[in-house]
1. Mean residue ellipticity at 222 nm from the helices of chain A, using -39,500 (n - 2.57) per DSSP H segment of n ≥ 4 over the full residue count, to the nearest 500 deg cm²/dmol?
2. P(r) tail for the stretch A:96-202, what percent of Cα pairs lie past 25 Å?
3. Out of residues 5 or more away from residue B:110 or on other chains, whose amide H comes under 5 Å of its own, with H placed 1.01 Å from N in the peptide plane?
4. Rolling a 1.4 Å sphere over the protein heavy atoms, what is the accessible area per residue of the stretch A:263-331, to the nearest Å²?
5. Taking Rh as the Kirkwood radius computed over C-alpha pairs, what is the Stokes-Einstein D of the stretch B:337-410 at 20 °C in a medium of viscosity 1.002 mPa s, expressed in µm² per second?
6. Which aspartates and glutamates, if any, have their Cα less than 14 Å from the Cα of residue A:401, not counting same-chain residues under 8 positions apart?
7. Could you work out, residue by residue across A:37-47, how many beta carbons of other chains sit within 10 Å of that residue's beta carbon, and then give the average as an integer?
8. Applying a 10 Å radius around every beta-carbon, put A:161-170, B:94-103, A:414-423 in order of their mean neighbour count, most first.
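The values are calculated or read from the model by the stated rules, or taken from the named source; none is laboratory data. In this text, all values refer to a predicted model and were calculated from it rather than measured experimentally. So basically every Cβ, Gly included, is an ideal-geometry build from the backbone, and we count neighbours across all protein chains shown. Heavy atoms of the whole protein, side chains included, go into the accessibility calculation; ligands, DNA and RNA do not. Shrake-Rupley method; radii C 1.70, N 1.55, O 1.52, S 1.80 Å.
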Amino acid sequence: MTDALSHLPRAGDGAALKAGFTDLHPPLTQRQAIIESQRCLYCYDAPCIEACPSDIDIPRFIREISEDNINGAAQTILEQNILGGSCARVCPTEILCEQSCVRNHDAECQPVLIGLLQRHAIDHMHFDGHPFHRAADTGKHIAVVGAGPAGLSCGHRLAMHGHRVTILEAEAKPGGLNEYGIAKYKLVDDYAQREIAFLLKIGGIEIRHGQRLGDNLTLDALQRDYDAVFLGLGLAASRQLGLIGENAPGLMPATEYIKTLRQASDLGSLPLARRCVVIGAGNTAIDMAMQMVRLGADEVTLVYRRDAEAMSATGHEQAIAKANGVRIVTWAQPKQVLIGDDGRVSGMRFARTETRDGTLVATGETLDIPADAVFKAIGQAFADDGLSDDRASRIARDGGKIHIDDSFRTSLAGVYAGGDCVVPGQDLTVQAVQHGKLAAQAIHQDIMAQQEVA
Amino acid sequence: MTATAKRPDVDLSIEFAGIKAPNPFWLASAPPTDKAYNVERAFEAGWGGVVWKTLGEDPAAVNVSSRYSAHFGKNREVLGFNNIELITDRSLEINLREITEVKQRWPDRALIVSLMVPCVEESWKAILPLVEATGANGIELNLGCPHGMPERGMGAAVGQNPDLIEQVTRWCKTYSSLPVIVKLTPNITDIRVPARAALRGGADAVSLINTINSITSLDLDNMVAKPTVGTQSTHGGYCGAAVKPIAMNMVAEIARDPETAELPICGIGGISHWRDAAEFVALGAGAVQVCTAAMLHGFRIVDEMQDGLARWMAEKGYRSLSEFSGKAVRNTTDWKYLDMNFQTIAHIDQDKCIECGRCYIACEDTSHQSIAKLVDASGTRRYEVIEEECVGCNLCQITCPVQDCITMVPQPSDKPYMSWNEDPRNPFRETA
Ligand SMILES: Cc1cc2nc3c(=O)[nH]c(=O)nc-3n(C[C@H](O)[C@H](O)[C@H](O)COP(=O)(O)OP(=O)(O)OC[C@H]3O[C@@H](n4cnc5c(N)ncnc54)[C@H](O)[C@@H]3O)c2cc1C
Ligand SMILES: Cc1cc2nc3c(=O)[nH]c(=O)nc-3n(C[C@H](O)[C@H](O)[C@H](O)COP(=O)(O)O)c2cc1C
Ligand code: SF4
Ligand code: SF4
Ligand code: SF4
């Protein structure tokens, strides 16, 4: 995956690097969790619940922690969010639940650490078997395409309703971006796989790997063989800069590097650019920059065409990046890939920008940043090839993404979609889980209603 | 010369039932006052007096192992404390010798000796001169120990029988010239009855409360209460912060009983900081005793207690304890004398409100549906009191997590004071 960087030196001593990829926020100790749980005011109609995309009853689970009922707390979380363990680690809580916590009020000291408490509950649960029942078999069989958070959540909820589920996944491992995309220091070791193993314990879910819609799988066949189809395809394509030299050695999408990094058994074997540039302003850009620092890069510069406020990465994440030595350059947009005599990337030329009457324009000045590698992290896009067969190509789209109605139905009857590949909501793990769950409810209702009619 | 901070210019010294002390903070008869070693440390720390751990006849009592348990708050704060210890488990002779020595070394402190011997005249007649010989400043009769000792006809077994209280008090007044403080048990229905009995017996003062019968918690795995002695448990005596409200009511009952109004009261029960002490004093106590708070934090707490009390007194312009002792008694009355025309209403300070919704759900579910929840277009919530519905119960103010966010505002009224006796709604009204 990192062929574009094969000319670079290796990162070095893998064992030493490991330390940089442990938990960004260490878990709470038992005592810290109890103290923190006491800070929750058990609000009524709590604003934090409204802010959680997956509707977790936060005051309830925190009260359960404080009452020494860890399994109760875990169940409260998992009832709404079966991937509550990974969400507790990857959610940008500073713009979600914790932002809405009433203890943010001026007169208070800081929000309740909801994410860390959620993690505490899930890390310490100890169920005898799986905490959810599978309803009696309905005889229905649903195909879920994509084993990312959306697909897994959908599959689990469908299984709870008694449907059989087959998840068809292109990659060799399940988890989607939980396995291949999230920064390594947020979701460490094999947590994604352990969580999926737990999820699958409900039974009735089969995952088949190497199954790619638009390649060795058609929507036609799926609709023929299954009672309904859920598409949780994510955003597999990386946006392009649209510049000459975009394929030169030394330039590659950040997501691909992260994917390799997350799978590497020896971090020391990864190619390492001493000086690198990351282009973008979202979490992916920040994650990439932070991970390069941790791998040992000397200079990491993140470049964005507007100001820091406009960056989609939260202020909290920007601050962490800066504290880790990432240089953030704003008001500069990519203009030219600088290529050295050896045909490899030697840096990037940026056009200085400003806003005039609300639109972004180049000032005429340029800025060259020398680099051994350039990573683009300017956003993910829906990969059209997934919906390329005759039937799939008829699915209505919304600015590239899949169009759905309020019940997660696509324009094709019997086909549903959710997660990053649809328009509503933010592209976040927790949002994908919510979509999967709600889509499963919708599928369940629709097919059970059909059955009654029939 | 060492630098010294400025201290408030108030006089904390007291004279209680003829006993002088440099401050009103005394240690109650309990483990903190068990022996010379503890008492010396307590005096060094600044305690104004101690009531020595209860003495009995030889052979000394024998204690079991595993003795205390607690009622914990969620964060392991001790709300209430429970013990199944008996009176001193050291010989009378050793105790008397130590009392004599300590008193000699600390002439300015109050040293009171707590006593519990069988309810026969001979026993009291025998022990009282021995105690007097130590130079102690007074005696306290432990008629309240609720566990163990009553099974042997002592402690609460005496304190629950007014005739015996009177009898024992009289023996003490007969065979000793020391001031006699009768320590009352709260394990009765009307505290005024034993207080009156003590007065009749000639008591110089009463002290209260001793501990309350209790089972604090269970070991649900082994189905046995705590503290667990082997496989069993027994009820103990409850004290600590949780008992303060019960103790204060009993103090007030005695203070406002015309029969005992002049009887000095030493307040005991859950006193943990200066404010607790000030409250007891305002309800009529002339001195206070502390046990659990010292057991949990050590003797050093007396520093903060003295300092806090002195500063508060200075702020209020009280130069000595007597200036505010009993000041809240006259405002403590029977329900039937409360003003039926008084009306208070909750008021929410919107700037302080953090929008937690607790006041709303409390009032909505369990009180008078007098708080409205308003949500504006941006999703901001606002909680408002529906004044016409508010009965002034204080529930919202109590559940609100923010200090001074909800205040109860007395409503101006042109109606005169009217007691229930005068209220036309009272079917049993006494008409003149
Ligand atoms: C680098 C990076 C970092 C991120 N960090 C965070 C973070 O810190 N916090 C956060 O909340 N969110 C983060 N996100 C976003 C989050 O990962 C996604 O919102 C979430 O994974 C979406 O879940 P999904 O199931 O919709 O899609 P995905 O996780 O992308 O899963 C889609 C699955 O479908 C499979 N698939 C795709 N096409 C096909 C096909 N044609 N046939 C069969 N299978 C197919 C894929 O292999 C994959 O397994 C990050 C995203 C990226 C890219
Ligand atoms: C461990 C323990 C032992 C006690 N022993 C005695 C005693 O021997 N004699 C006595 O009069 N009261 C005894 N008490 C009661 C205390 O003196 C005091 O009345 C009671 O604890 C209430 O005060 P507090 O809330 O400050 O603890 C004992 C209390 C405790 C906790
Ligand atoms: S808003 Fe904060 S305090 Fe209120 S319930 Fe949620 S976590 Fe607890
Ligand atoms: S406090 Fe602990 S160590 Fe000390 S006597 Fe009691 S049980 Fe033993
Ligand atoms: S309880 Fe207090 S802080 Fe909470 S909503 Fe009511 S007034 Fe506001």
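1. For chain A, the value works out to -9500 deg cm²/dmol.
2. Value for the stretch A:96-202: 38 percent of Cα pairs lie more than 25 Å apart.
3. Close amide H contacts, sequence-distant or interchain: B:49, B:50.
4. Accessible area per residue: 37 Å².
5. 170 µm²/s
6. A:384, A:385, A:420, A:427
7. Mean shielding count: 6.
8. A:414-423, A:161-170, B:94-103
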